[in-house]
1. Roughly what % of Cα-Cα distances in region A:201-247 sit above 12 Å, to the whole percent?
2. Rank-order A:215-227, A:176-188, A:156-168, A:240-252 by packing density, defined as the average count of other C-beta atoms within 10 Å over each peptide's residues, highest first.
3. In whole Hz and in residue order, list the ³J(HN,Hα) couplings for region A:245-260 that follow from phi through the Karplus curve 6.51 cos²θ - 1.76 cosθ + 1.60, θ = phi - 60°; x for Gly and Pro.
4. Hey, could you pull the Cα Rg and Dmax for region A:232-350, both in Å?
5. Output the Cα-based Rg and Dmax of region A:1-157 in Å, rounding Rg to one decimal and Dmax to a whole number.
6. Compute the relative contact order of chain A as a whole-number percentage, counting only Cα pairs closer than 8 Å that sit 6 or more residues apart in sequence.
7. What are the ³J(HN,Hα) couplings of region A:217-233, residue after residue, when phi is run through the Karplus curve with 6.51, -1.76, 1.60 and θ = phi - 60°? Round to Hz, x for glycine and proline.
8. Considering only C-alpha atoms, what is the centroid distance from region A:96-115 to region A:195-243, in Å?
Amino acid sequence: MPPTLPPAAALLAWYDRHRRTLPWRGDDSDPYRIWLSEVMLQQTTAAAAGPRFRRFLQRFPDIHALAAAPESAVMEEWAGLGYYARARNLHACARAVAAAGGAFPRDVEGLRALPGVGAYTAAAVAAIAFDQPVVPLDANVERVVARLRAVEEPLPGARPRLDALAQGFMADPAARARPGDFAQALFDLGATICTARNPACALCPWRGECEAQRRGVQATLPRKAPKAARPLRHGAHFLLTDGARNVLLRRRPPSGLLGGMLELPGTPWREAPWEDAEALAFAPVPPGPDWRRVPGVARHGFTHFELEMALFAAEVPALAPPEGTEARPLAEAGAAMPTVMRRLLDLAAAAPA
DNA sequence: TATGCGTGGAC
DNA sequence: TGTCCAAGCAT
């Protein structure tokens, strides 16, 4: 194992030539943009976040615009991005920062205290927006460091060791002079060269410095604890429309799975399949026997389970949404709902009328 | 420390 | 097709 970390200057020189052009790059002096991008990028690929970042910024250009918006508008803007607690916390964070005068804390501790800001995001905003000498430990940095020093201990147990190693870069004056660029250089290295599969070691600015490559084990690191299998659950949902092509939607409870998001009314999701008659007891209003089963099922994978959904459809002359529900134009409903619900709309659209 | 929490893309 | 993975956080 090499006694020291590789030189930061070599990575920064590579970054200056090869850095990716991304929507949130170019104005690192605006902490609102940096914070928004970091939250949006949590467990989300840059390719998926890019267009959504532009759209979000257009709708909520600054911290005050976001703080002034109703939470439902923020949830709707987030629809399709997943991990919806991020949107609720984003909104709560904006209100906290706006209430404190509109300026973000500049240090890791202050940032870490904000809703939805954990150790990673606090370090990323501190380094990129405020040039604080810290290294944000994300999956890219974990992978790069685990390979550089051939760390065999599996994640997540290895995280404290990897973090200590990563912070060691800040002893290098070259890294300390450009903390934000250094962090983003590590991200780009992990995203384009030191990738999870088939790393392009021949192109790496740190080739020759990497213990994993020297041993030929780079593709096997970092090791990870095995994941649990995903059970299959079943649900049934109801598409109730009126003569003007409005659809009845329901808002989910504020926390938990898809918390605060709109959905088609339906049964709970359970492991046992639903008989039609049993599911129909959960129908929102009583057109009774007029419900028709839409042929086929819709499927969707969540992090911890797979979901198979049946769909029932019915029409009424006019909707009278009960408490906790609302009517929306069917053509706009998909854009306001999480992807799992769009699968049901897709199923309905594919069925013969 | 372990678990719940979405989604889309790569292979 | 299925499997893995991604600029993680809250509890």
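Here, each number is a calculation from the coordinates, and none is a lab measurement. None of these values were measured; they are calculated from a predicted model. A quick note on method: Cβ atoms are made from the backbone with ideal geometry, for glycine too, and the neighbour counts reach across all protein chains shown.
1. Values: 849 of 1081 pairs.
When every Cα pair of region A:201-247 is considered, 79 percent fall beyond 12 Å.
2. On the way: A:215-227: 13.8, A:176-188: 21.0, A:156-168: 15.8, A:240-252: 17.6.
Packing order, densest peptide first, comes out as A:176-188, A:240-252, A:156-168, A:215-227.
3. Each residue's phi maps through the Karplus curve to give 6, 9, 10, 7, 10, 10, 8, 6, x, x, 10, x, 4, 6, x, x Hz.
4. 13.3, 40
5. Using the Cα atoms of region A:1-157, the pair Rg, Dmax is 16.9, 54 Å.
6. Numbers: 537 pairs, mean separation 59.6, N = 353.
17 percent.
7. Running phi through 6.51 cos²θ - 1.76 cosθ + 1.60 with θ = phi - 60° gives 10, 4, 6, 9, 10, x, 6, 9, 5, x, 9, 6, 5, 9, x, 9, 10 Hz.
8. 32 Å
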